[in-house]
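Asker: Sending over a structure as C-alpha cells; questions will come in a sec.
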Amino acid sequence: MRRKISLKPITLLLLLTAFVSFGQDAHHNDEPKPDGKAERKAYIQHHLKDSHDFGIASYTNASGEKKHIGFPLPVILWDGGLKIFSSSKFHHEKTVAAVDGNFYKIYHGMIYKTDAVGTINYDDAHHPTNVKPLDLSITKSVVMIIVTALLMFLLFGSLGKSYGKNGGIAKGAGRFFEPIILYIRDDIAIPNIGKKHYKKYMSFLLTVFFFVWFLNIFGLTPLGVNVTGNIAITFSLAILTYLITTFTAKKDYWKHIFWMPGVPAPMKIILAPIELLGTIIKPFSLLIRLYANMQAGHIVLMSLIALMYLFNSIVGSSLSFFLSFAISLIEVLVALLQAYIFTMLSALYFGMAVEEHDHEEAH
C-alpha cells in the first residue's frame, strides 16, 4: 500500500514559525507602533533582498533593545588588495566597519568605502558617489546555493551508489527521486529533444530542475532566503540555457534563423534580425518568469502575514492567517511548477537547436 504524505502539517508548521518571527520583529507588546506600516514594508523588503549576514529571526526585549538570531558571514572585498573580515563588524548594517585603516558601510545592500562617520555622498540624481569596492562576499544567497549543491550531491551520489549495490534498484530517499528523474527523461527530454540527442542534455536538465525546485522550497521556510527571487540568479540560469543552446546548435538551426528555406529573399532579409532577436528573447522569458513568480509569491505571503498585525482583531487576524495558509499551500505547488516549466522550456530550446530538417524542393 502506498503511503500518502500530507503537506498540510509541514506547511502549517512553517507558516506558524514565520508568523511568530514576523510578530516578534513587528512589535513586542499589544500597543501598535506609530509607524507600523513603514516597519512592515521595511521587513518585507528586507526578506526579499540578499544580505551579508544570515538572519533567522529577530525580537525586541523588555528594555526595547532589538535582538537578532543568526550568524555573520565572511565579507570579501577587493580594494587595493584583498580584505576579508566578518560581517559582524557592520552590526546588522548599523555601523561602519574599520578594516586596515579603511572604512566601509552597507547602504541599500551595497558596500561603499566611506569615512569613520559613515558619510555617503550623492550626485544630482541622489545616487551614491562613494567608491564601491569589488564585492566577492559569501552572502545569504550564496550560502543557500552551496547548501543546495551539497544536498544534491549527497542525495544523488547516494542514489547512484544504491544502483550499484542493489542491482539497479534505488533505496532510501532514492525511491522518491527516481520516478522524478525518469519523468524528466521520458516526458521532458526525449519528447522535446529526441532519442538521438537527449542524453548529452540530461545532466543539465536534471541539475537545473532539482536546483530550482530545492531553492524554491527553501524560500518557503522561515529562514528568509529568496534566492530564486533574485534576478541575478535567474539571469545566470537563463544564460546557461542560452549558451548551451547556442554552442550545441546544428547548421540547420542557424540556417532557419539567417536564411529560411522556402521564403522569398526580401522576406529573408526582414525575418533574419527578428529571428536572431528571438534567440535572445527566449532565455529572457525564462529568467523573468521564474523571478517574477517567486518574487510575487513571497510578497503576497509576507503581506498577508503582516495584515494580521494591521487588523489586530480576532476576526481580521484569523482571516489573514487562513489566507496565508492557503497561499503557502499554493506556493508549494508553484515551487515545483516553476522548476518544471524552466526545465521543459530549456529542453524545448535544446530540441529546436538539434532538430534535423528535411529540405525537399517539393515542400
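The values are calculated or read from the model by the stated rules, or taken from the named source; none is laboratory data. Predicted model, so just to flag it, every value in this text is computed and none were measured. Neighbour counts are summed over all protein chains in view; Cβ atoms, including those assigned to glycine, are modelled from backbone coordinates with ideal geometry.
Asker: Kindly establish whether Ala170 is surrounded by 11 or more Cβ atoms within 10 Å (Cβ to Cβ) and either in contact with a His (Cβ under 8 Å, 6 or more places away or on another chain) or in a helix (DSSP H, G or I) (or both).
Answerer: Values: surrounded by 11 or more Cβ atoms within 10 Å (Cβ to Cβ): yes; either in contact with a His (Cβ under 8 Å, 6 or more places away or on another chain) or in a helix (DSSP H, G or I) (or both): no.
No; evaluated as a whole, the condition is false for this residue.
Asker: Are any residues in segment 204-236 of a type outside the set (Phe, Trp, Tyr) and more than 16 Å from Gln295 (Cα to Cα), and if so, which ones? Full working, then the answer.
Answerer: Our first condition is that a residue be of a type outside the set (Phe, Trp, Tyr); within segment 204-236, this holds for 205-208, 212, 215-217, 219-234, 236.
Across segment 204-236, the qualifying residues are Leu205, Leu206, Thr207, Val208, Ser236.
Asker: Still on this structure, please answer the following. Could you grab me the full set of residues in segment 45-104 that are of a type in the set (Gly, Ala, Ser) and farther than 26 Å from Ile299 by Cβ?
Answerer: Applying the first criterion (of a type in the set (Gly, Ala, Ser)) to segment 45-104 yields 51, 55, 57-58, 62-64, 70, 80-81, 86-88, 97-98, 101.
Passing the criteria: Ala62, Ser63, Gly64, Gly80, Gly81, Ser86, Ser88, Ala97, Ala98, Gly101.
Asker: If you go through segment 128-155, how many residues are polar (S, T, N, Q) and loosely packed, with under 14 Cβ neighbours inside 10 Å? So that I can check it myself, show each step before the final result.
Answerer: Of segment 128-155, the ones polar (S, T, N, Q) are 129-130, 137, 139, 141, 148.
Retained after the next criterion (residues that are loosely packed, with under 14 Cβ neighbours inside 10 Å): 129.
So the count comes out to 1.
Asker: Provide a single number: the residues in segment 75-88 that are over 18 Å from Ile120 (Cα atoms) and surrounded by 14 or more Cβ atoms within 10 Å (Cβ to Cβ).
Answerer: If we filter segment 75-88 for residues that are over 18 Å from Ile120 (Cα atoms), which is where we start, we get 75-78, 80-88.
Subset that is surrounded by 14 or more Cβ atoms within 10 Å (Cβ to Cβ): 75-77, 83, 85-88.
Count: 8.
Asker: Any idea how many residues of segment 64-107 are part of a strand (DSSP E or B), closer than 15 Å to Pro133 by Cβ and within 25 Å of the chain's Cα centre (by Cα)?
Answerer: As a first pass, look at segment 64-107 and keep what is part of a strand (DSSP E or B): 66-72, 74-78, 82-86, 97-99, 102-107.
Checking the rest, the ones that are also closer than 15 Å to Pro133 by Cβ come to 74-78, 82-85, 97-99, 102-107.
Narrowing further to those that are within 25 Å of the chain's Cα centre (by Cα): 74-77, 106-107.
So the count comes out to 6.
Asker: Mind checking which residues of segment 207-253 are hydrophobic (A, V, I, L, M, F, W, C), modelled with pLDDT under 95, farther than 24 Å from Thr139 by Cβ and buried (at least 17 other Cβ atoms within 10 Å of the Cβ)?
Answerer: Ile244, Ala249
Asker: Could you tell me whether segment 305-318 includes any residue that is more than 30 Å from Glu355 (Cα to Cα), outside any helix (DSSP H, G or I) and at pLDDT below 80?
Answerer: Quick first cut of segment 305-318, residues more than 30 Å from Glu355 (Cα to Cα) only: 305-318.
Still in the list and also outside any helix (DSSP H, G or I): 312-313.
Restricting the remaining residues to those that are at pLDDT below 80 gives 312-313.
Taking every residue of segment 305-318 in turn, at least one turns out to be more than 30 Å from Glu355 (Cα to Cα), outside any helix (DSSP H, G or I) and at pLDDT below 80.
Asker: Filter segment 173-198 for residues that are surrounded by 15 or more Cβ atoms within 10 Å (Cβ to Cβ) and over 20 Å from Ala347 (Cα atoms) and give the result.
Answerer: Across segment 173-198, the qualifying residue is only Gly174.
Asker: Next up: Any residue in segment 212-228 that is on the phi > 0 side of the Ramachandran plot sitting within a Cβ distance under 8 Å of a residue that is of a type outside the set (Gly, Ala, Ser) and not in a loop (DSSP other than H, G, I, E, B)? List the pairs, counting only those 6 or more apart or interchain.
Answerer: Gly224/His47; Gly224/Ile56; Gly224/Lys140
Asker: To continue, here is another question. State yes or no: is Ser162 within 30 Å of Phe204 (Cβ to Cβ), surrounded by 14 or more Cβ atoms within 10 Å (Cβ to Cβ), modelled with pLDDT under 90 and not aromatic (Phe, Trp, Tyr)? Spell out the reasoning first.
Answerer: Numbers: within 30 Å of Phe204 (Cβ to Cβ): yes; surrounded by 14 or more Cβ atoms within 10 Å (Cβ to Cβ): yes; modelled with pLDDT under 90: yes; not aromatic (Phe, Trp, Tyr): yes.
So Ser162 passes the test.
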